[in-house]
1. Take Glu201 and tell me if it is exposed (fewer than 12 other Cβ atoms within 10 Å of the Cβ), under 26 Å from Met81 (Cα atoms) and among the charged types (D, E, K, R).
2. Could you grab me the full set of residues in the stretch 1-20 that are polar (S, T, N, Q) and open to solvent by less than 90 Å² (accessible area, probe 1.4 Å)?
3. Report, by residue number, each residue of the stretch 26-41 that is in contact (Cβ under 8 Å) with a residue 12 or more places away in the chain, open to solvent by less than 80 Å² (accessible area, probe 1.4 Å) and over 18 Å from Gly71 (Cβ atoms).
4. Is there any pair with a first residue in the stretch 180-200 that is assigned by TED's automatic domain parsing to the domain that holds Val88 and a second that is open to solvent by 60 Å² or more (accessible area, probe 1.4 Å) and modelled with pLDDT of 95 or more whose Cβ atoms are under 8 Å apart and which are 6 or more apart or on different chains, and what are they?
5. I'm checking my understanding of the structure. Among residues of the stretch 201-247 that are among the polar types (S, T, N, Q) and without any contact (Cβ under 8 Å) to a residue 60 or more places away in the chain, which one is nearest to Leu178 (Cα to Cα)?
6. Only one of (1) away from the ligand (no atom under 16 Å from the Cβ); (2) more than 22 Å from Ile211 (Cα to Cα); (3) open to solvent by less than 70 Å² (accessible area, probe 1.4 Å) is not met by Gly71, so which one is it?
7. For the condition under 25 Å from Met144 (Cβ atoms) and either open to solvent by 30 Å² or more (accessible area, probe 1.4 Å) or β-branched (Val, Ile, Thr) (or both), what is the one hit in Glu23, Glu44, Glu93?
8. Can Ser195 be described as among the small types (Gly, Ala, Ser) and in contact with a helix residue (DSSP H, G or I) (Cβ under 8 Å, 6 or more places away or on another chain)?
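The values are calculated or read from the model by the stated rules, or taken from the named source; none is laboratory data. These numbers come from a predicted model, not from an experiment. Note that each Cβ is placed from the backbone with ideal geometry, even for glycine, and that neighbours are counted across all protein chains shown. These accessible areas exclude ligands, DNA and RNA; they are computed on the full protein's heavy atoms, side chains included. Shrake-Rupley method; radii C 1.70, N 1.55, O 1.52, S 1.80 Å.
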Amino acid sequence: MQLTINKNLPIPIYYQIEEGMKELIEQGSLKPGDLIPSERELCEAYGISRMTVRQAVNNLVNDGYLVRQQGRGTFVSKGKMEQGLRGVTSFSEDMRARGMVPSTKLLHFGLIRAKKPLAEKLGLSEEAPIYEVKRVRLADGIPMAYEISYLSASLLPGFSAEAAEGSIYEYVENILQLKIGNAHQVLEASLARGSECEILELEQGAPVLLIQRKTYLTDGVPLEIVKSVYPGDRYKFVIDMQRTEPR
Ligand code: 16G
């Protein structure tokens, strides 16, 4: 990898590295999946400080050009995953549709008693049993989302940790023969914090998308409340829109 850095220019060095790497990626000299030199190697090769290199690499990761994989190194990104926002699809379906293999790391599975806000959201009375499920969702072994789901237990006879390790929607539709109808979803920007960082292999404060989904069965009964954290460097959400009559 050959970057041109000119310390006499009034352009910050981190910016020169950033632009240089973008150029190598855009020209195809660095290809998706290529491992880039470590921070230490870059410092030594160009006689620059670790902080400068880190700033450049952080910006490239945040902009989706590079991807950090813990214990493995930093790679040229294969492009952010594009996720449509139209249908009520499941993580497993979405990944399979892209030719990727979905998998799940179950971090927690428990039956709890619904406290007020959650009970209300799920249309249940207080103290009603609900499942609390915490899962890391992976695609081809790469963590893509961290999901915390609350599901109405009375709707899910026989639901188990084993079922939560697979596709919950498949369990609901194929095993229980229930029909998932519509969902209300809210997306907002946030920063990775606490255990999310370790779980998603992100640095503290890395940008993430926070998504909250409330899904209903076709008869209008709430099935789940899910909070998902998606790494900003691995995902982008796409929506097609139509111009309506001007107001
Ligand atoms: C998606 C849904 C989530 C749902 C899960 C089911 C979003 C933001 N969230 O991740 O609400 O519980 O799919 O996936 O899309 P599964 O059937 O593979 O378990």
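1. Details: exposed (fewer than 12 other Cβ atoms within 10 Å of the Cβ): no; under 26 Å from Met81 (Cα atoms): yes; among the charged types (D, E, K, R): yes.
So Glu201 does not fit the description; no.
2. Of the stretch 1-20, the ones polar (S, T, N, Q) are 2, 4, 6, 8, 16.
Correct list: Asn6, Gln16.
3. Taking the stretch 26-41 as the starting set, the residues that turn out to be in contact (Cβ under 8 Å) with a residue 12 or more places away in the chain are 29-39.
Narrowing the set further to residues that are open to solvent by less than 80 Å² (accessible area, probe 1.4 Å) leaves 29-30, 33-34, 36-39.
The answer is Ser29, Leu30.
4. Ile180/Glu173; Ile180/Thr218; Gly181/Thr218; Gly181/Asp219; Gln185/Gln212; Val186/Gln212; Ile199/Leu107
5. Filtering the stretch 201-247 for residues among the polar types (S, T, N, Q) gives 204, 212, 215, 218, 228, 242, 244.
Keeping just the survivors that are without any contact (Cβ under 8 Å) to a residue 60 or more places away in the chain gives 204, 212, 218, 242, 244.
Numbers: Gln204: 40, Gln212: 22, Thr218: 8, Gln242: 32, Thr244: 35 Å.
Here the residue is Thr218.
6. (3)
7. Working: Glu23 fails: under 25 Å from Met144 (Cβ atoms); Glu44 fails: under 25 Å from Met144 (Cβ atoms).
Of Glu23, Glu44, Glu93, the one residue that is under 25 Å from Met144 (Cβ atoms) and either open to solvent by 30 Å² or more (accessible area, probe 1.4 Å) or β-branched (Val, Ile, Thr) (or both) is Glu93.
8. Numbers: among the small types (Gly, Ala, Ser): yes; in contact with a helix residue (DSSP H, G or I) (Cβ under 8 Å, 6 or more places away or on another chain): no.
Taking the combined requirement at face value, the residue does not satisfy it.
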